[in-house]
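*Asks:* Structure incoming, see below.
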Amino acid sequence: MISRPTAASQRHHRTTETPASLQPIDTRWRIVDPPPDGFYLDLENIAPSNSLALASSLLYNRNIRTDADAQSFFNDGLDAMHSPQVLPGMERAVEVILEAVRNNEGIGILGDFDADGITATAIIVLTLRKLGVEPKYHLPHREIEGHGISLEALDRFQKQGVSVVITVDTGITAFDEVEYADKVLGIRTVITDHHLPQGGKLPKAAAIVNRHLSDDTRLADFCGAATAFKLAVALLAEADVPAAPELIPLAAVGTLADQTELSGDNRIIVREGLKMLDSSAPPGLIELTRLVSNQIRHNGPFDAEFITFQLAPRLNAPGRIDSAEPSLKLLIATDIYQAMQLANLLDDANRKRRSMADKAWRAAQPKIDSALSEGNNVMAIEVDATLPMGVLGPLAGNASDYSASPAFAYQIVDGTARASARSVPGFDIHQALEGIANKLQRFGGHAAAAGFAVDSNLIPEITAHLETQMSWSNLSSTADERVVKTADAEIDLHQLGHSLWEFINMMAPFGPGNPEPRFLIRNAETANINYMGRNQNHVRLNLKDDTGRSFRAVGFGMADDLPPTRIVDAVVSLKTDYYRGVRRHELRLHDITATQ
């Protein structure tokens, strides 16, 4: 094994007397249970050569277990989406909004400062423009207002002549604010939100569109942007205005940014939206897509990773360090030169955001290591109050991934702790916080992510409560056991043919509910090892078998994980890479260790 000229990133916290690179791969991965004997799906001509069983198994693992389900999974397009009217409250929302349009009333849109809320706001702004209305809009400032509806924003709308406010990605717990808008300001509120109602209560709004108000199995778990998109489709159809395909990429960005399950209509929105990113999207989104594509020298079809790791962070960046308004202005821009300037502004903001996030993570990592060594199952991380609040959510997410535990990051300002929480599969963080809601000044969110504010003296009590909730859950009691991940199958390198790559490409887009297939490869030989990146923390190598079959493999952030042996076991996924006009198949490393 060759050595690097410079040090790479720090190893994962679970370093033991035996380095992770020498531990059996089975300690960290297991193969999912196979389908019943004889299970095959009718995949016609799309199954990889001589691999119908493997293809059927990959779909079975994703709960696609009938021929009809498989046909729907691969073939459903926009015409297969369910009517917006399936969403509860949709008919009334359309009625209220179109009545305001016909009466020339002022309409305001109140959104949120993350990528989901920003894209949702843009969708409704662009829709109302198609209906002949130039709406007012407001995105709350993270530091000044926080999530949700503020009385100040409502007052501003009233002064601007607004009589109907449409909320997107927010509002389902705004009881006092909705009442103030109605009783004091004479403003009717239409709430579109995907967050969970609080305690079964609902604000007294003119209309509420929220997927959680129905148990209809046809409904996907829509994010704010997808909910707004459904409202847009319903409004345009009822007003007999042509559909707006440019809204689909916005809904796709919001869906992926919010890590929503990619099933049903969500999968269709994302798959179709990805095809339109650099062609049929609004001008600002096209410019941002092209800017990023040039930076990373990408010139092939766009995938979910491109949105999740490239576009969404840039849309989020302004709102994480200051106001989110530049991101919204980009998405609703009509002037191409303004769009280019705003795209560059977002790119610069993202660089600043990354620098701040790195600083927060360097400070947090030792605290997390200490908490893990003490056997804690919930990570509570205080963050320097001089950093922007926007670092809290990503830091909580990184801490949760790192520790395989629920985590929340918080800052204390004037005696109040403002926190952002992220969870692990199987633990509903919103439900857990609901059990102590009487101690919280405010909170909201959903199963995987939540935010709350509380008297800073109560942080130990909140942490203890979440620890208790974890102990009552059916999750493992130790993070080391929870970190075990699943691979779809154990296969040999010679089974990785072109047709398998093409089949997996057809399974995309990948994300929650449709994870990218991962395979365990045993007894492969490493060769041509090269270290990459500014800190030499990425690695590129070849994996070969005893027949001479060889594939290039790339491991991001995995330079420290290479074992000092040439024969390895590895977990990989199959990627189709597009770089400088060249299309090539390569493996993405997810784990690698010495063969036992």
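The values are calculated or read from the model by the stated rules, or taken from the named source; none is laboratory data. All of these numbers come straight from a predicted model, not from anything done at the bench. No Cβ is skipped: glycine too gets one built from the backbone with ideal geometry, and neighbour counts run over all protein chains shown.
*Asks:* Just for the stretch 478-493: of the residues that are at pLDDT 90 or above and not in a strand (DSSP E or B), which one is surrounded by the most Cβ atoms within 10 Å (Cβ to Cβ)?
*Replies:* Keep residues of the stretch 478-493 that are at pLDDT 90 or above, which gives 486-493.
Subsequent filtering for residues that are not in a strand (DSSP E or B) retains 488, 491-493.
Working: Asp488: 21, Ile491: 17, Asp492: 15, Leu493: 23.
The residue in question is Leu493.
*Asks:* Looking only at the stretch 69-125, which residues are of a type in the set (Gly, Ala, Ser) and surrounded by 18 or more Cβ atoms within 10 Å (Cβ to Cβ)? Spell out the reasoning first.
*Replies:* First, the residues of the stretch 69-125 that are of a type in the set (Gly, Ala, Ser): 70, 72, 77, 80, 83, 89, 93, 100, 106, 108, 111, 115, 117, 120, 122.
Ala70, Gly89, Ala93, Ala100, Gly106, Gly108, Gly111, Ala115, Gly117, Ala120, Ala122, listed by residue number.
*Asks:* Counting only residues that are hydrophobic (A, V, I, L, M, F, W, C) and at pLDDT 90 or above, which one in the stretch 19-42 is nearest to Gln71 (Cα to Cα)?
*Replies:* Here is the first cut: in the stretch 19-42, the ones hydrophobic (A, V, I, L, M, F, W, C) are 20, 22, 25, 29, 31-32, 39, 41.
Going one step further and asking which of them are at pLDDT 90 or above, we end up with 29, 31-32, 39, 41.
Working: Trp29: 31, Ile31: 26, Val32: 23, Phe39: 16, Leu41: 10 Å.
Of everything passing the filter in the stretch 19-42, Leu41 is nearest to Gln71 (Cα to Cα).
*Asks:* Determine which member of the set Glu325, Glu305 is charged (D, E, K, R) and closer than 23 Å to His141 by Cα. So that I can check it myself, show each step before the final result.
*Replies:* Numbers: Glu305 fails: closer than 23 Å to His141 by Cα.
Going through Glu325, Glu305 in turn, just one is charged (D, E, K, R) and closer than 23 Å to His141 by Cα: Glu325.
*Asks:* Next up: What residue, of Glu502, Glu516, is closer than 29 Å to Ile64 by Cβ, acidic (Asp, Glu) and in a loop (DSSP other than H, G, I, E, B)?
*Replies:* Going through Glu502, Glu516 in turn, the sole match is Glu516.
*Asks:* Applying the selection to the stretch 196-232, what residues are part of a helix (DSSP H, G or I) and more than 17 Å from Ala120 (Cα to Cα)? So that I can check it myself, show each step before the final result.
*Replies:* First pass over the stretch 196-232, keeping only residues part of a helix (DSSP H, G or I): 211-213, 224-232.
His212, Leu213 - these are the residues of the stretch 196-232 that are part of a helix (DSSP H, G or I) and more than 17 Å from Ala120 (Cα to Cα).
*Asks:* If you go through the stretch 292-309, how many residues are on the phi < 0 side of the Ramachandran plot and surrounded by fewer than 18 Cβ atoms within 10 Å (Cβ to Cβ)?
*Replies:* The first filter runs over the stretch 292-309 and keeps only residues on the phi < 0 side of the Ramachandran plot, leaving 292-296, 298-309.
This time we only want the ones that are surrounded by fewer than 18 Cβ atoms within 10 Å (Cβ to Cβ), so: 294-296, 299-301, 305, 309.
Total meeting the criteria: 8.
*Asks:* Taking Arg540 as the residue in question, decide whether it is within 25 Å of Glu305 (Cβ to Cβ) and free of Cβ contacts under 8 Å to residues at least 12 places away in the same chain. So that I can check it myself, show each step before the final result.
*Replies:* Details: within 25 Å of Glu305 (Cβ to Cβ): yes; free of Cβ contacts under 8 Å to residues at least 12 places away in the same chain: no.
Considered against the rule, which asks whether it is within 25 Å of Glu305 (Cβ to Cβ) and free of Cβ contacts under 8 Å to residues at least 12 places away in the same chain, Arg540 comes out as no.
*Asks:* Does the stretch 47-61 hold any residues that are touching a helix residue (DSSP H, G or I) at 6+ places or on another chain (Cβ under 8 Å) and either in a helix (DSSP H, G or I) or surrounded by 14 or more Cβ atoms within 10 Å (Cβ to Cβ) (or both), and which are they?
*Replies:* Going residue by residue through the stretch 47-61, those that are touching a helix residue (DSSP H, G or I) at 6+ places or on another chain (Cβ under 8 Å) are 47-49, 51, 54-55, 58-59.
Listed by number, the residues that qualify are Ala47, Pro48, Ser51, Leu54, Ala55, Leu58, Leu59.
*Asks:* On the given criteria, is Ala594 over 22 Å from Phe306 (Cα atoms), surrounded by 14 or more Cβ atoms within 10 Å (Cβ to Cβ), small (Gly, Ala, Ser) and touching a residue at least 12 places away in the same chain (Cβ under 8 Å)? Walk me through how you get there before you give the answer.
*Replies:* On the way: over 22 Å from Phe306 (Cα atoms): yes; surrounded by 14 or more Cβ atoms within 10 Å (Cβ to Cβ): yes; small (Gly, Ala, Ser): yes; touching a residue at least 12 places away in the same chain (Cβ under 8 Å): yes.
Criteria met by Ala594.
*Asks:* Assuming Ser279 fulfils every condition listed in (1) part of a helix (DSSP H, G or I); (2) closer than 15 Å to Thr334 by Cα; (3) without any contact (Cβ under 8 Å) to a residue 24 or more places away in the chain apart from one, which condition is it?
*Replies:* With (1) part of a helix (DSSP H, G or I); (2) closer than 15 Å to Thr334 by Cα; (3) without any contact (Cβ under 8 Å) to a residue 24 or more places away in the chain applied to Ser279, the lone miss is (1).
*Asks:* I need the full set of residues from the stretch 295-307 which are in a helix (DSSP H, G or I) and either at pLDDT 95 or above or within 12 Å of Leu277 (Cβ to Cβ) (or both), in order please. Before you say what the answer is, go through the steps one by one.
*Replies:* Going residue by residue through the stretch 295-307, those that are in a helix (DSSP H, G or I) are 295, 304-307.
Result: Ala304, Phe306, Ile307.
*Asks:* So which residues in the stretch 352-381 are out of contact with any Pro (no Cβ under 9 Å at 6 or more places or on another chain) and part of a strand (DSSP E or B)? Give the steps one after another, and end with the answer.
*Replies:* First pass over the stretch 352-381, keeping only residues out of contact with any Pro (no Cβ under 9 Å at 6 or more places or on another chain): 352, 355, 358-359, 362-376, 381.
Passing the criteria: only Ile381.
*Asks:* Considering only the stretch 441-449, I want to know if a residue exists there that is modelled with pLDDT of 90 or more, among the hydrophobic types (A, V, I, L, M, F, W, C) and not assigned by TED's automatic domain parsing to the domain that holds Phe113.
*Replies:* Within the stretch 441-449, none of the residues are modelled with pLDDT of 90 or more, among the hydrophobic types (A, V, I, L, M, F, W, C) and not assigned by TED's automatic domain parsing to the domain that holds Phe113.
*Asks:* Now a separate question. For residues in the stretch 186-201 being surrounded by 17 or more Cβ atoms within 10 Å (Cβ to Cβ) and modelled with pLDDT of 95 or more, which is farthest from Val164 (Cα to Cα)? Reasoning before the result, please.
*Replies:* Taking the stretch 186-201 as the starting set, the residues that turn out to be surrounded by 17 or more Cβ atoms within 10 Å (Cβ to Cβ) are 187-196, 198.
Right, trim to modelled with pLDDT of 95 or more and you get 187-192.
Values: Ile187: 5, Arg188: 5, Thr189: 6, Val190: 7, Ile191: 11, Thr192: 13 Å.
Looking at residues that are surrounded by 17 or more Cβ atoms within 10 Å (Cβ to Cβ) and modelled with pLDDT of 95 or more, I get Thr192.
*Asks:* Also, I was wondering about something else. When the stretch 165-182 is examined, which residues are found to be buried (at least 24 other Cβ atoms within 10 Å of the Cβ) and at pLDDT 95 or above?
*Replies:* Val165, Ile166, Thr167, Val168, Val178, Ala181
*Asks:* For Ala205, only one of the following conditions fails: (1) out of contact with any Lys or Arg (no Cβ under 7 Å at 6 or more places or on another chain); (2) at pLDDT below 95. What is its number?
*Replies:* (2)
*Asks:* Would the stretch 42-65 turn up any residue that is among the aromatic types (Phe, Trp, Tyr), within 21 Å of Gly254 (Cα to Cα) and in contact (Cβ under 8 Å) with a residue 24 or more places away in the chain?
*Replies:* Checked the stretch 42-65: no residue is among the aromatic types (Phe, Trp, Tyr), within 21 Å of Gly254 (Cα to Cα) and in contact (Cβ under 8 Å) with a residue 24 or more places away in the chain.
*Asks:* Another one. Looking at Thr334, Thr308 in this structure, which one is touching a residue at least 12 places away in the same chain (Cβ under 8 Å), of a type in the set (Val, Ile, Thr), in the same structural domain as Val125 (by TED's automatic domain parsing) and in contact with a strand residue (DSSP E or B) (Cβ under 8 Å, 6 or more places away or on another chain)? Walk me through it before giving the result.
*Replies:* Numbers: Thr334 fails: in contact with a strand residue (DSSP E or B) (Cβ under 8 Å, 6 or more places away or on another chain).
Within the list Thr334, Thr308, the selection yields Thr308.
*Asks:* Hey, another quick one. For Ala257, indicate whether it is without any contact (Cβ under 8 Å) to a residue 40 or more places away in the chain, surrounded by 23 or more Cβ atoms within 10 Å (Cβ to Cβ) and farther than 26 Å from Asp69 by Cβ.
*Replies:* Values: without any contact (Cβ under 8 Å) to a residue 40 or more places away in the chain: no; surrounded by 23 or more Cβ atoms within 10 Å (Cβ to Cβ): yes; farther than 26 Å from Asp69 by Cβ: yes.
No, not satisfied.
*Asks:* Could I ask something else about it? Restricting to strands (runs of 3 or more DSSP E) lying wholly in the stretch 77-195: which have 2 or more residues that are under 22 Å from the mean Cα position of the chain (by Cα)?
*Replies:* Because the criterion is at least 2 residues that are under 22 Å from the mean Cα position of the chain (by Cα), the strands (runs of 3 or more DSSP E) in the stretch 77-195 that meet it are 162-168.
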